[in-house]
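Visitor: Next up is a structure, given as C-alpha cells.
Every read-out reported here was derived from the displayed coordinates using simple, explicitly stated rules and does not represent laboratory data. From a predicted model like this one, the values you see are computed outputs, not experimental measurements. Note that each Cβ is placed from the backbone with ideal geometry, even for glycine, and that neighbours are counted across all protein chains shown.
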Amino acid sequence: MLGYSYGVRVISRVSGYTGRIWLDKVDCNGQELTLSGCSHYPWGTVTCKHGQEARVRCVHRYSVDARIVGEKTNGRAELRYNNDWGSICNIGWDDNDAIVFCRMMGYLKGYAVKGSQVPKGQGQIWLSDVQCNSTEVSIDECTHPHWGIHSCDHTNDAGVRCSQESPVTVRLSNSSYGRVEVNFNNQWGTICDNFWNDNAASVICRMLGYRIGNTIPRNKRSSGVGRIWLDQVQCTGIENNIKYCQHRSWGSHDCSHYQDVSVECHESLYQNVRIIGGQSKGRVEVFHNGIWGTVCDDYWNDKAAIVVCKALGFRTGKGLLGKRTPDGTGKMWLDDVKCTGNENSLDDCTHNAWGSSDCTHSEDAGVECFNRI
C-alpha cells in the first residue's frame, strides 16, 4: 500500500499514541492490496489497548515503469508496479501529471488526454487523484493515494500525448575509460549493469567519438553518487544514442551504485583537435565527451601551438591569443594549458580539469600552422 516490496514486523511496543484503534485480529496472506482485504474484526471493534499497536518496517520501495498503450507517443498511460501493469484514473489528471509521465518515457513535453480519445484498458487500475507539479522524475514522486486505491472504472483511464525527445549526452569519469554517466533532464546520473554488455559499451563509445568499446568488470569500477538513470539496457550495438536502446523507464531501477557500469573505448573516430576559421589558421577546438569546445588563452604560447599543429599534420606553428582569434560559443574545455612542445596532444600537457575555466570566449586560443608534412 505504501510502495514497498515487503515489510517486517516490529515487536517493540509503541508509546505516546492516544488516538483511535481501528483494527484487531488482522490476518493476511500477503497478497492483498489493502488491509481491508484481510480477515479482521469489524472496524473499531478491538480487544487491545494503547501500547499494543502494530508496528512495521518497510523495505525496498518498488520502482515504477511507464508505457503508452495505443500509438508510440499518444495513448493510454500505464504503470508497472509490483510486476503488474495497470492504468491511471483520470480524476485530477492534467498536463503537469502528463509531463512527468512523458519524462519517464524520455520526452520533454506532455499533454493530458481524457475521455473517448483514450483506449479503455483492463485489469488493474493503480492510481487515482495524481497531483504532480511537473518537476518530478517519476509519477511515484507525485502526491497520490496509496497504490490500488481508486473509485474508477476503465472508462476513466488517463491518457497522454508526448512530444520532443529529451536530449541525452554521456561522459566518462576518465578520458577514454571509466564510469559511464548520462545527462538526462539536465542532471547527471549513472547506469546499472543489469543486462549490460559490449554492444551497449560500443554505443556509449561511439557517442564519445570512438569506434568500439568494451565493458569493464565490476571489480575494476568506481561507484558514482546521485541518480541512477538507466537499468536493464539492451542494445543491438548499432544505435547512435543510448536512449534508443531498450531499457526501463528513465529513473526506474532496482540497483545500487555498486552496479554502476564502466567502459573502455578504443579507436578514435575523430581527430580530437581542429582549427575553426581556416585550414591552417584560426580558433583551436578540442573534442571531449562527445562535444567540441574551445581552449582559454591563459598561458597559451607557441609550444602549445606546436602540439596542436603536429597533431593536424604540420611541422610547426605559433600561438594566437584571443584578440587575434574569432570568438567561439558553447563549451570551453581547457584552461591554463602548459606544454613543452613534445606532447602528442593537449591532454598530455598540464592543464586545469576538463571544463574548469574562468575565461570568456573573447579569450579563445588559436594557432597558425606551417609546413604541412
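Visitor: So for the pair Q234, I21, with labels modelled 7 Å out along Cα→Cβ, what separation do we get in nm?
Guide: 5.1 nm
Visitor: Quick check: the distance between the Cα centres of region 331-373 and region 145-217, to the nearest angstrom?
Guide: 32 Å
Visitor: Right, here's the next one. When the helices in the chain are scored as -39500 (n - 2.57) per DSSP H run of 4 or longer and the sum is shared across all residues, what 222 nm value do you end up with, to the nearest 500 deg cm²/dmol?
Guide: Calculated at 222 nm, the ellipticity per residue is -2500 deg cm²/dmol.
Visitor: Longest span of the chain, sites excluded, free of GluC sites (Glu not before Pro) in DSSP loop with at most 15 other C-beta atoms within 10 Å?
Guide: In the chain, the maximal stretch lacking such sites is 72-373.
Visitor: For region 76-132, just the Cα set please: Rg and Dmax, both in angstrom.
Guide: My reading of the Cα-based Rg and Dmax gives 11.0, 29 Å.
Visitor: With P(r) over Cα pairs in 20 Å bins from 0, in percent in mind, check (1) 26, 61, 14, 0; (2) 24, 40, 25, 10, 1; (3) 30, 60, 9 and report the label derived from this structure.
Guide: Derived directly from the coordinates: (2).
Visitor: With the Cα gyration tensor of region 150-191 giving a ≥ b ≥ c as the square roots of its eigenvalues, does the rule (a/c under 1.5 for rounded; else a/b larger than b/c for prolate; else oblate) give rounded, prolate or oblate?
Guide: Judged from the Cα gyration tensor, region 150-191 comes out prolate (a/c at least 1.5, a/b above b/c).
Visitor: Turning to a different aspect of this structure: Just tell me which lysines come within less than 29 Å, Cα to Cα, of K25; anything on the same chain fewer than 8 places away is out.
Guide: Partners within reach: K49.
Visitor: In the chain, with Lys and Arg counted as +1 and Asp and Glu as -1 at Cβ, which of these residues, C349, W85, G189, has the Cα nearest the positive end of the dipole, that is, farthest along it?
Guide: So the residue furthest toward the plus end is C349.
Visitor: Can you sort T294, T47 from fewest to most other Cβ atoms within 10 Å of each residue's own Cβ? Write out the running numbers ahead of the final one.
Guide: Details: T294 28, T47 9.
The most exposed by this proxy come first: T47, T294.
Visitor: Which FRET efficiency, nearest 0.05, do S222 and T350 yield, Cβ-Cβ r, R0 25 Å?
Guide: Working: r = 24 Å, r/R0 = 0.96.
For R0 = 25 Å, the calculated efficiency reads 0.55.
Visitor: Can I ask one more? Just S252, S262, S357 to compare: in a GNM of the chain, with alpha carbon springs under 10 Å, which one fluctuates most?
Guide: Checking each option, the largest mean-square fluctuation is seen for S357.
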